[in-house]
Structure formats: structure tokens, C-alpha cells
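**Student:** Got a structure here, written out as C-alpha cells. Questions coming.
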There are 2 protein chains.
Amino acid sequence: MKVAIIGAGSAAFSIAWIRDLCIMKSAPGSTFSLVDVNEQRLDAAYGLAKRYAKELGVEIKFEKSLDRRNALHGADFVLNTAFPSGHDYTEKMRAIGEEHGYYRGIDSVEFNFVSDYYTILGYKQYQLALDIASDMEEICPDAFLLQVANPIFEVASLLRKEKSKIKAIGFCDEYIGIYPFMMALGLSPADVEFQVSGFNHCIWLTKFREANTGADLYPVIDDWIANKAPEFWRTTEIGLWQETLSPASVDMYKMYGLYPIGDTTRSFTWKYHYNLETAKKWFGHLGGTDSEVGLELRLKRFQAGVDKLFRLTNDPNAKLTTEVPPEKGHSEFSDFIDAAMTGEEKRLFLNIPNNGLLPQFPQDLAVELPVVVSKDGRMKPEHVDPFPKRLVNFVLIPRMMRMEWGLEAFRAGSREVLVEILIRDPRTKSEKQAREAIEAIMTMPENSEMARHYR
Amino acid sequence: MKVAIIGAGSAAFSIAWIRDLCIMKSAPGSTFSLVDVNEQRLDAAYGLAKRYAKELGVEIKFEKSLDRRNALHGADFVLNTAFPSGHDYTEKMRAIGEEHGYYRGIDSVEFNFVSDYYTILGYKQYQLALDIASDMEEICPDAFLLQVANPIFEVASLLRKEKSKIKAIGFCDEYIGIYPFMMALGLSPADVEFQVSGFNHCIWLTKFREANTGADLYPVIDDWIANKAPEFWRTTEIGLWQETLSPASVDMYKMYGLYPIGDTTRSFTWKYHYNLETAKKWFGHLGGTDSEVGLELRLKRFQAGVDKLFRLTNDPNAKLTTEVPPEKGHSEFSDFIDAAMTGEEKRLFLNIPNNGLLPQFPQDLAVELPVVVSKDGRMKPEHVDPFPKRLVNFVLIPRMMRMEWGLEAFRAGSREVLVEILIRDPRTKSEKQAREAIEAIMTMPENSEMARHYR
């Protein structure tokens with residue numbers, strides 16, 4: 001079995017993910033082929049991966065290449081974890097947006113405040129995913145494309161529309177937002193059967209039951225809100241990625257009838273994001289993961305992760321399996337590979353082509369829902385009950401439109417469509433402002449290819 | 001044959017409409033039953049209608065009543081032309097909106113800048129239409145409900161959702177916007193075959209052909225835009241209701257691939273409405289029908305129409321058929337009645353339940369398209385080709401959402417949902433602002449019933 005890993009040198013492809021791959025049941029005897037455009041980072045990842053496998057005593061063949069086409073030959077799985085240009089680029093784009101009157105940057109918009117998740121300016125991610133899929137059509141058409149890099153909803157939907165023959169699956173660990181929530185509710189995960197579904201970064205608790213009796217557990221949520229949440233919020237500091245526990249989530253639940261999980265609460269309306277003061281009211285002292293305060297902390301932690309990677313690389317005596325114990329983390333792509341290779345069934349939260357799974361929405365987009373994966377990657381998606389109409393019309397369809405808008409601008413290669421998207425933005429006060437913001441972004445040296453695409 | 005006319009005393013039910021009804025082929029021997037809540041205005045309409053028929057020498061029986069249930073007995077057609085509370089009320093609501101930071105009032109929003117067309121605060125129109133339909137279910141379940149009062153898209157969709165057994169049809173004469181446009185293009189209507197379709201106030205030129213040869217006439221539009229439009233705009237003052245001829249329509253066509261007709265151009269984005277200066281750039285010297293300037297002129301003309309009605313009422317010697325010659329005007333409800341009664345087929349632009357006619361949209365809303373009407377009101381809707389995807393995703397679905405939002409607030413009777421609609425409004429800078437605007441509107445004495453409904 002061979003896994004090609006695109007963007008293996010990116011910080012996102014951290015040692016925790018190397019670990020998750022190396023400890024797979026199906027890892028022994030397999031080949032992991034690492035690809036990156038940055039040779040120094042590629043070498044670092046390659047070195048760490050080799051050392052980790054060696055410490056574990058697992059027989060894995062490692063390859064590395066600056067050219068992804070080399071890695072695709074014979075691949076069974078292609079993992080795309082690349083985040084082109086990285087966080088410095090993202091923050092530079094944000095600053096240009098702010099100079100033009102777009103608080104938090106032009107890609108911080110209704111239904112997406114996640115600080116590195118693009119819908120408008122996702123060009124690099126869109127193009128890379130298409131290029132990988134094109135190469136796969138030629139070199140390894142039967143392989144699975146495991147898309148881990150954001151924006152998952154946009155990229156997985158784009159692949160469904162443009163490259164429907166490639167078996168593309170989007171992975172996001174946002175569902176784990178439910179675990180601290182269950183803890184706050186006083187529930188033990190083992191006693192709970194839950195289902196989350198919707199679109200990536202727009203998933204809702206569509207089932208929440210006692211595992212034994214099947215009794216609905218939403219009343220436990222209602223009781224928590226009425227009697228315990230105020231005290232909880234007074235005494236708990238809500239950390240990064242813990243928006244599921246925030247007053248904003250409760251507010252959304254009250255209006256829409258289902259509880260939002262994970263990044264969903266980071267991807268809502270301006271009501272929670274007008275300014276830092278508002279964000280603190282709804283998300284606690286950090287103002288959420290994406291506020292001025294939250295993002296700074298997040299980037300610090302991110303940098304600490306990168307530093308650790310290089311520290312371990314430069315310290316041949318460090319024991320990697322001590323630094324990062326060989327216990328399975330949250331990556332589901334490794335679960336997917338294991339289920340497909342060993343045939344041991346696993347229930348995973350995947351982003352896959354809709355094709356009628358959620359009949360309230362078009363066929364040609366990607367939806368997120370639980371899927372039982374088995375031998376050879378066979379997938380049995382779970383039935384999902386229809387969403388409440390208010391949630392569909394106020395949230396899911398508007399979120400879907402945003403995806404369609406970004407992909408339409410990309411498909412048409414049209415700067416005019418990018419401007420038109422900004423015309424719909426509440427921060428736009430004139431057509432001139434929208435045009436100038438788009439032009440300023442396009443003239444960034446890092447965006448020269450993007451500028452050629454959007455004419 | 002009996003026609004019940006609800007809101008017969010409203011200014012909208014003008015002498016031109018009395019004329020159109022009286023000159024129908026099917027008018028002789030029929031009964032017109034006029035209803036209004038305002039006795040003085042009802043008496044005026046009743047008097048004029050009787051005089052008009054007498055001058056024409058047509059045998060029509062006229063009735064009048066303050067209670068619509070009286071009029072419904074035996075009715076074959078129920079015409080709803082009522083505009084509860086009228087223009088003074090509308091302007092008062094607009095002023096309250098502006099006091100709270102909502103330029104042009106809270107109901108002047110993306111996809112609806114028409115000054116008396118509500119989507120958010122349409123309570124009175126929604127409730128009245130439902131009440132009429134409920135009475136009809138009981139008294140005249142087989143009659144047609146001809147809805148002429150705005151907002152047509154919202155009301156016709158509401159009736160489709162809530163009162164699907166009543167044969168409700170919405171009428172709007174916006175399609176006539178194509179006639180001055182054909183004149184500007186140098187085309188004679190007799191030589192042209194055209195189709196407009198979409199939603200009310202969001203209709204697009206889905207077919208534009210030479211009648212004889214079937215040749216596509218869109219190239220004539222392209223030629224006009226490239227070579228003649230600049231001169232046209234320099235030398236022509238675009239009047240009220242002539243937005244089809246404006247630079248805004250051309251701008252929309254360039255982006256969306258189909259030409260917008262009629263009120264469609266009045267129902268678009270803030271791009272054309274940021275302020276009066278912007279509106280003048282896109283709509284000419286008036287800044288369009290709905291700008292500060294256009295609306296003032298419009299209300300003056302409206303008042304002149306009302307004054308004329310009362311002048312004629314108070315002048316028993318006036319010859320009505322001279323003042324308003326017996327030549328068919330733009331009302332299509334009279335065409336519908338005539339086609340249904342005489343069996344003479346007519347092609348009309350109607351708002352009817354979608355039920356798959358435009359398969360890109362849900363079944364349970366009203367769509368506007370050409371329909372051939374024949375004996376007993378049988379309807380043969382025309383085939384409409386799919387709309388361009390960009391138009392669907394940037395315009396038609398967002399417009400549809402606005403309708404769903406307003407109807408959801410109404411269905412739920414929820415003030416919180418009204419606030420949530422304003423949260424999506426670019427003029428909203430804080431939750432507090434949205435709440436205060438809604439509260440201020442609800443405390444207007446004219447809105448006491450509305451305030452009890454939205455709790």
C-alpha cells in the first residue's frame with residue numbers, strides 16, 4: 001500500500017499526523033511518499049517520519065520528492081495537506097483587507113470567520129486540488145484523494161463538480177467539539193450516540209441520544225442552558241477551538257433548533273463579530289479563535305509547533321515516541337486508510353459528494369456526515385433526517401451560496417465576479433472600495449499567478 | 001359571472017382598472033361586488049364604476065359591502081387589490097427605519113428597493129391574503145383568487161404553502177418594461193417573440209427572437225449597448241418605472257447573461273443604491289423610481305390619481321369615458337377573467353405555483369412566467385430553459401431566501417426572527433440597533449395587531 005503525501009513539509013502535516021500514519025495497522029510494509037515544494041521542510045518531515053517509524057520498529061518505506069507526479073505512481077491514497085503560502089501570507093492579505101475597510105480581512109465574512117479558511121480568495125487551494133486530481137486521472141485514477149487542507153467545503157465541492165471520477169474525500173476533525181460539550185453536560189461519551197451533519201464548518205447535532213435506551217438527550221442540553229450554563233460561563237475560560245461551549249452556540253441553537261458543533265460557531269453571522277467587545281461577549285475572554293486576541297494566541301501556538309518540529313529535527317538524540325506518544329490522535333484520514341486496507345469497519349465523519357444524501361440540497365456539492373467505511377474504502381453513509389426549514393433557509397443555503405460564489409469566480413477566472421462578491425459584503429460602502437481592495441490583493445507579489453487567473 | 005373586488009376603495013383600484021373590467025367581453029350580465037373597509041372610498045369607487053358601465057351601455061350589476069364575506073357568496077373570481085394602511089403608513093415606517101440607521105427604511109434591502117413592496121414587514125398583506133383565502137375555502141372554494149396587491153412573490157408563495165387548495169394567481173404588469181426597451185432597440189413589438197420569467201420583480205428575458213425567422217435578438221441588445229446606449233443615456237431622461245432602459249440593467253445583463261426586465265432592476269443590490277449620487281449614476285436624473293427624488297415624484301403622481309378619482313366622483317357631469325377612454329390597459333386580471341369565461345386563449349404573465357415549472361427551484365413557491373389561459377381558467381405554462389447558474393446562485397436563490405425569511409418570521413410570529421433578518425442587513429452595526437428598529441416599528445399605533453402577532 002502506498003500513500004502519497006502532498007504538502008508533507010507544511011506545518012499542518014505535523015508530527016502528530018506522522019504518528020497517526022505510522023501507528024496504522026496497515027502501516028507495516030507500506031510506502032509513504034512525501035512531497036513538498038520546499039526542500040528544507042520536506043527534508044525535515046522526511047527525517048522525522050523515518051525516525052518515528054524506526055523508533056516504533058515498524059517497517060515502512062519512505063520516499064521524498066519535490067515533484068508530486070513522482071509520488072503518485074502506484075499510490076493507493078493521495079493525502080493533500082498543503083496550505084500554499086502559509087500564515088504570513090494570510091496575515092498579509094488580512095492587513096490589505098483592513099486597509100480597505102474590511103475588518104478582519106476580506107475573507108472574514110458571514111458564515112466564515114475562520115482565520116485561514118478562504119472562500120473568496122481560495123484560488124491557490126482550488127487550483128492545487130484540481131491539479132492534483134488531474135495528475136491522478138492520468139497516473140493513479142483509482143486512488144483515493146484525501147483532502148485535509150482547507151477550505152474543505154469549497155475544495156470537496158469543486159472536485160465533485162469538476163473531477164467527479166476521482167474518489168475525493170474531505171476530512172475535518174471539527175466534530176470533536178462535541179466531546180468537551182458532553183463533558184460540560186455531565187455526559188460520558190460512552191453512553192451517548194450522536195450524529196453531526198451538514199456542510200464542512202456548518203454541522204449540526206442531528207442526533208443526540210442515550211446509547212442504551214435511545215432516549216433523546218436534547219433535554220439535557222436544555223437543562224444545562226437553563227440552569228448550569230450561566231455559572232459555567234462565569235467560571236470557565238473558553239479556550240481556542242472551544243466555541244461549541246460558548247454563549248454564541250447556545251444563541252444559535254435557540255434560533256435554529258439544532259445545536260452547532262465545532263467550527264460551525266466560528267462560521268456564523270456578524271452578530272458575534274462586529275468588534276472585539278462583541279466577540280468577547282459571545283465567545284469569552286479570547287473573543288473566540290478568530291478574534292484579534294484569539295488569532296494572536298493561535299499563531300503563537302502554531303509557531304511553537306513549527307519550532308518543535310525543527311528542534312526535534314535538529315536534535316538527533318530526542319526520543320520522538322516520548323515527545324509524541326504513539327497513541328492515536330484525531331486524524332481520520334489514517335482511520336480511513338486503515339479501514340480500507342484491513343476491512344475493519346470504522347464510523348468516520350467525512351465530506352463526500354452529496355448525490356442525494358441530504359436531499360434538501362443539490363447533488364453537486366460535498367456534505368459532511370457520518371459514514372461507515374470498510375474494505376477497499378466502501379462507504380455506507382448514515383441516514384440524516386431533514387434539517388429544520390429555518391436552518392436551511394437562514395444558514396445552510398446562504399452558506400452554500402458563498403461556496404458557489406467563490407467557485408464561480410474561480411471557474412470564470414473573473415475579477416468582476418470577485419468584486420460582485422464584495423458588493424454583497426456589509427463592509428462595502430461603494431463599488432470603488434470593493435474594486436480597490438481586490439486590485440490591491442491581486443498586486444501582491446505572492447498573488448501573481450492568481451492575478452493572471454482572475455482577469 | 002361574479003367578481004368580488006377586495007380593496008375596491010384603494011387608490012390602486014383606479015378608474016383604469018374599473019375601465020378594464022367594464023370593457024371585458026364577459027362583462028355584460030355579470031356582477032361586480034365591491035368591498036372596502038373605508039366606506040367613503042368604497043362609495044366613490046362604486047359610484048364611478050356604475051357611471052362608467054352606464055356610459056358604456058353595458059349591463060353590469062354592481063354591489064358594495066364593508067364585509068368581504070358578503071361579496072364572496074357565488075363569486076367566480078376574487079380580486080385582491082387592497083394595500084392596507086397606504087402610502088402615509090409606508091412613509092412613516094420608512095422614517096422610523098431611517099432614524100435607526102436604515103437608509104430608505106428597513107424594507108429597502110438587497111433584491112428589493114421598491115418603495116412599497118414589503119418582504120420583512122409584509123404582515124398586513126400576508127394576513128389579509130390568508131384571511132381572504134380562508135373565507136374562500138368556506139364560501140367559494142372553486143373561485144380564483146387574483147392577487148394584484150404587492151408583495152406578489154411573497155403573498156403568492158405564502159398561498160402556495162398555506163392554502164394550496166385555493167387557485168391563487170399573482171398579477172404584475174412589470175413585463176411591459178420590455179416595450180420601451182424594444183423601442184430603444186429599434187424593434188417593433190409585432191416582429192418580436194419574447195419570454196420573461198423568474199420570480200416576481202426578478203424576471204429575466206429568457207427568450208428574445210425575431211417572430212418570423214426565430215433568429216436570436218440578443219445580438220441587437222449587444223449592438224445597442226456597444227454603439228447606441230451611451231448616446232441614448234446622454235439624450236434621454238429615464239422616467240419613473242423605466243429602469244429597464246438604465247445603465248443598471250445593462251450592468252446586470254453583463255454580469256448575469258440575461259437582460260433584466262421591469263421591476264427587476266429596482267430589486268437588486270446596494271451597488272446601485274448606496275446613496276442618491278450612486279443611484280443617479282445608474283438610473284439617470286431621478287435616481288430611479290425608489291430614490292428620494294423618484295419616490296417624491298411618484299407619490300405626487302399617485303396623489304394626482306387619487307385627486308382625479310375624487311374630482312370625477314364629485315362632478316356628476318364629467319364624462320368618464322372621455323376622461324378614461326374605453327381602451328384596454330395593462331391589467332392582466334381582466335384578460336384572465338375574459339379568457340376563462342369566453343374560452344378565447346390569451347398568453348399572460350402570471351405568478352403561479354412552481355410545482356416543477358422551474359425545476360432549479362423548490363416546488364412550494366410562486367414563479368412568474370408566460371401562461372396560455374383558456375376556458376374555465378385552464379392554464380398551459382410555457383417551457384422555460386434553465387437559468388444560467390451564475391444568475392441562480394447570485395440572484396434568484398438569494399432573492400428566494402429573502403422571501404423565505406419574511407414568511408418564516410410571519411409563520412412563527414417571531415420578533416426574534418425579524419431581528420435575525422436585520423442582522424443580515426449591511427446597515428446593521430449592532431444587535432442593539434436591529435432590536436431597537438424592530439421595537440420602534442412595532443410600537444406604531446398602526447402596527448398594534450402586527451405587534452401582537454410578532455411576539
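The values are calculated or read from the model by the stated rules, or taken from the named source; none is laboratory data. Note that the structure is predicted; figures quoted are calculated from it, not measured. So basically every Cβ, Gly included, is an ideal-geometry build from the backbone, and we count neighbours across all protein chains shown. For accessibility, only protein heavy atoms count, side chains too; no ligands or nucleic acids. Shrake-Rupley method; radii C 1.70, N 1.55, O 1.52, S 1.80 Å.
**Student:** Consider the stretch B:14-38. How many of its residues are assigned to a helix (DSSP H, G or I), at pLDDT 95 or above and open to solvent by 20 Å² or more (accessible area, probe 1.4 Å)?
**Tutor:** The number of residues fulfilling the criteria is 1.
**Student:** What number of residues within the stretch B:106-142 satisfy the criterion of being among the β-branched types (Val, Ile, Thr) and either closer than 14 Å to B:Ala366 by Cα or assigned to a loop (DSSP other than H, G, I, E, B) (or both)?
**Tutor:** 4
**Student:** Okay, next question. Only one of A:Glu99, A:Glu55 is open to solvent by 50 Å² or more (accessible area, probe 1.4 Å), closer than 30 Å to A:Val419 by Cα, touching a residue at least 40 places away in the same chain (Cβ under 8 Å) and of a type outside the set (Ser, Thr, Tyr). Can you tell me which? Working first, answer last.
**Tutor:** On the way: A:Glu55 fails: closer than 30 Å to A:Val419 by Cα.
So the residue among A:Glu99, A:Glu55 that is open to solvent by 50 Å² or more (accessible area, probe 1.4 Å), closer than 30 Å to A:Val419 by Cα, touching a residue at least 40 places away in the same chain (Cβ under 8 Å) and of a type outside the set (Ser, Thr, Tyr) is A:Glu99.
**Student:** Next question. If we keep just the residues of the stretch B:414-431 that are within 17 Å of A:Gly257 (Cα to Cα) and in contact (Cβ under 8 Å) with a residue 60 or more places away in the chain, which is nearest to the other protein chains (Cβ to nearest Cβ)?
**Tutor:** So the residue we want is B:Ile421.
**Student:** Something else now. Taking the criterion of being more than 21 Å from A:Tyr117 (Cβ to Cβ), in contact with a strand residue (DSSP E or B) (Cβ under 9 Å, 6 or more places away or on another chain) and among the β-branched types (Val, Ile, Thr), would at least one residue in the stretch A:165-178 satisfy it?
**Tutor:** Within the stretch A:165-178, one or more residues are more than 21 Å from A:Tyr117 (Cβ to Cβ), in contact with a strand residue (DSSP E or B) (Cβ under 9 Å, 6 or more places away or on another chain) and among the β-branched types (Val, Ile, Thr).
**Student:** Quick test of your reading of the structure: B:Arg452 fulfils all but one of (1) in a helix (DSSP H, G or I); (2) more than 14 Å from every other protein chain (Cβ to nearest Cβ); (3) under 26 Å from the mean Cα position of the chain (by Cα); (4) of a type outside the set (Ser, Thr, Tyr). Name the failing condition by number.
**Tutor:** For B:Arg452, the failing item is (3).
**Student:** Hey, another quick one. Based on this model, can you work out whether B:Thr289 counts as under 30 Å from B:Asp43 (Cβ atoms) and either more than 14 Å from every other protein chain (Cβ to nearest Cβ) or buried (at least 23 other Cβ atoms within 10 Å of the Cβ) (or both)?
**Tutor:** So B:Thr289 fails the test.
**Student:** Now, a different point. Which residue is surrounded by the fewest Cβ atoms within 10 Å (Cβ to Cβ), if the candidates are limited to the stretch A:256-273 and must be among the β-branched types (Val, Ile, Thr) and not in a helix (DSSP H, G or I)?
**Tutor:** Once the filter is applied, the top-ranked residue is A:Thr269.
**Student:** Scan the stretch B:102-117 residue by residue and report those that are open to solvent by 10 Å² or more (accessible area, probe 1.4 Å) and at pLDDT 95 or above.
**Tutor:** Of everything in the stretch B:102-117, those that are open to solvent by 10 Å² or more (accessible area, probe 1.4 Å) and at pLDDT 95 or above turn out to be B:Tyr103, B:Arg104, B:Asp107, B:Glu110.
**Student:** What pairs come out if I take residues in the stretch B:263-286 that are away from every other protein chain (no Cβ under 12 Å) and among the acidic types (Asp, Glu) and pair them with residues that are open to solvent by less than 20 Å² (accessible area, probe 1.4 Å) and assigned to a helix (DSSP H, G or I) whose C-beta lies under 8 Å away, six or more apart or interchain?
**Tutor:** From the stretch B:263-286, the pairs are B:Asp263/B:Glu174; B:Asp263/B:Gly177; B:Asp263/B:Glu243.
**Student:** Kindly establish whether B:Phe349 is within 14 Å of another protein chain (Cβ to nearest Cβ), under 23 Å from the mean Cα position of the chain (by Cα) and touching a residue at least 40 places away in the same chain (Cβ under 8 Å). Give the derivation first.
**Tutor:** Values: within 14 Å of another protein chain (Cβ to nearest Cβ): no; under 23 Å from the mean Cα position of the chain (by Cα): yes; touching a residue at least 40 places away in the same chain (Cβ under 8 Å): yes.
Criteria not met by B:Phe349.
**Student:** Taking only pairs six or more apart or across chains, which ones have beta-carbon atoms under 9 Å, a first residue in the stretch B:220-241 that is under 18 Å from B:Phe283 (Cα atoms), and a second residue that is modelled with pLDDT of 95 or more and open to solvent by 90 Å² or more (accessible area, probe 1.4 Å)?
**Tutor:** Hits for this filter: B:Ile225/B:Lys254.
**Student:** Oh, and also: Which pairs do you get when a residue that is within 14 Å of chain B (Cβ to nearest Cβ) and on the phi > 0 side of the Ramachandran plot, found in the stretch A:108-134, comes within reach of a residue that is in a loop (DSSP other than H, G, I, E, B) and at pLDDT 95 or above, reach meaning Cβ atoms under 7 angstrom, with the pair 6+ apart or on two chains?
**Tutor:** A:Phe111/A:Ser267; A:Phe111/A:Phe268
**Student:** What do you reckon, is A:Val306 more than 24 Å from A:Ser10 (Cβ to Cβ), outside any loop (DSSP other than H, G, I, E, B) and out of contact with any Cys (no Cβ under 8 Å at 6 or more places or on another chain)?
**Tutor:** no
**Student:** So which of B:Arg390, B:Arg411 ends up being at pLDDT 95 or above, within 14 Å of chain A (Cβ to nearest Cβ) and buried (at least 17 other Cβ atoms within 10 Å of the Cβ)?
**Tutor:** Among B:Arg390, B:Arg411, only B:Arg390 is at pLDDT 95 or above, within 14 Å of chain A (Cβ to nearest Cβ) and buried (at least 17 other Cβ atoms within 10 Å of the Cβ).
**Student:** Same structure again: Going by the conditions given, is B:Val371 open to solvent by less than 50 Å² (accessible area, probe 1.4 Å), away from chain A (no Cβ under 14 Å) and under 18 Å from the mean Cα position of the chain (by Cα)? Walk me through it before giving the result.
**Tutor:** Numbers: open to solvent by less than 50 Å² (accessible area, probe 1.4 Å): yes; away from chain A (no Cβ under 14 Å): yes; under 18 Å from the mean Cα position of the chain (by Cα): yes.
For B:Val371, the condition - open to solvent by less than 50 Å² (accessible area, probe 1.4 Å), away from chain A (no Cβ under 14 Å) and under 18 Å from the mean Cα position of the chain (by Cα) - is met.
**Student:** Taking strands (runs of 3 or more DSSP E) that fall entirely within the stretch B:143-211, which contain at least 2 residues that are more than 25 Å from B:Asp76 (Cβ to Cβ)? Break it down into steps so the answer makes sense when it comes.
**Tutor:** On the way: elements: B:144-147, B:167-171, B:192-199, B:202-210.
Answer list for the stretch B:143-211: B:192-199, B:202-210.
**Student:** Could I ask something else about it? Kindly list the number of the only condition in (1) more than 14 Å from chain A (Cβ to nearest Cβ); (2) surrounded by 17 or more Cβ atoms within 10 Å (Cβ to Cβ); (3) not hydrophobic (A, V, I, L, M, F, W, C) that fails for B:Asp385.
**Tutor:** Here B:Asp385 clears every test but (2).
**Student:** Which is surrounded by fewer than 17 Cβ atoms within 10 Å (Cβ to Cβ), hydrophobic (A, V, I, L, M, F, W, C) and touching an Asp or Glu at 6+ places or on another chain (Cβ under 6 Å), of A:Leu297, A:Leu276? Show your work before the answer.
**Tutor:** Numbers: A:Leu297 fails: touching an Asp or Glu at 6+ places or on another chain (Cβ under 6 Å).
None of the other options fit; the residue is A:Leu276.
**Student:** Evaluate the following for B:Met379: is it open to solvent by 50 Å² or more (accessible area, probe 1.4 Å), away from chain A (no Cβ under 14 Å) and under 21 Å from the mean Cα position of the chain (by Cα)?
**Tutor:** Answer is yes for this residue.
**Student:** I'm trying to understand the selection: among the residues of the stretch A:320-348, which are among the aromatic types (Phe, Trp, Tyr) and open to solvent by 10 Å² or more (accessible area, probe 1.4 Å)?
**Tutor:** Across the stretch A:320-348, there are no qualifying residues.
**Student:** Of all residues in the stretch B:428-455, which are over 23 Å from A:Asp251 (Cβ atoms), open to solvent by 70 Å² or more (accessible area, probe 1.4 Å) and not acidic (Asp, Glu)?
**Tutor:** B:Thr443, B:Pro445, B:Arg452
**Student:** Report yes if B:Val395 is within 11 Å of another protein chain (Cβ to nearest Cβ), open to solvent by less than 20 Å² (accessible area, probe 1.4 Å), in contact (Cβ under 8 Å) with a residue 40 or more places away in the chain and β-branched (Val, Ile, Thr), otherwise no.
**Tutor:** It is true that B:Val395 is within 11 Å of another protein chain (Cβ to nearest Cβ), open to solvent by less than 20 Å² (accessible area, probe 1.4 Å), in contact (Cβ under 8 Å) with a residue 40 or more places away in the chain and β-branched (Val, Ile, Thr).
**Student:** Taking the condition open to solvent by less than 30 Å² (accessible area, probe 1.4 Å) and either free of Cβ contacts under 8 Å to residues at least 12 places away in the same chain or among the acidic types (Asp, Glu) (or both), does A:Glu174 pass? Outline the logic, then answer.
**Tutor:** On the way: open to solvent by less than 30 Å² (accessible area, probe 1.4 Å): yes; either free of Cβ contacts under 8 Å to residues at least 12 places away in the same chain or among the acidic types (Asp, Glu) (or both): yes.
Yes; evaluated as a whole, the condition is true for this residue.
**Student:** Search the stretch A:207-255 for residues being among the hydroxyl-bearing types (Ser, Thr, Tyr) and under 23 Å from the mean Cα position of the chain (by Cα), and hand back the single one that is most open to solvent (accessible area, probe 1.4 Å). Spell out the reasoning first.
**Tutor:** Step one: filter the stretch A:207-255 for residues among the hydroxyl-bearing types (Ser, Thr, Tyr), giving A:213, A:218, A:235-236, A:244, A:246, A:249, A:253.
Filter once more, keeping what is under 23 Å from the mean Cα position of the chain (by Cα): A:244, A:246, A:249, A:253.
Values: A:Thr244: 3, A:Ser246: 0, A:Ser249: 0, A:Tyr253: 28 Å².
Looking at the filtered set, the residue picked out is A:Tyr253.
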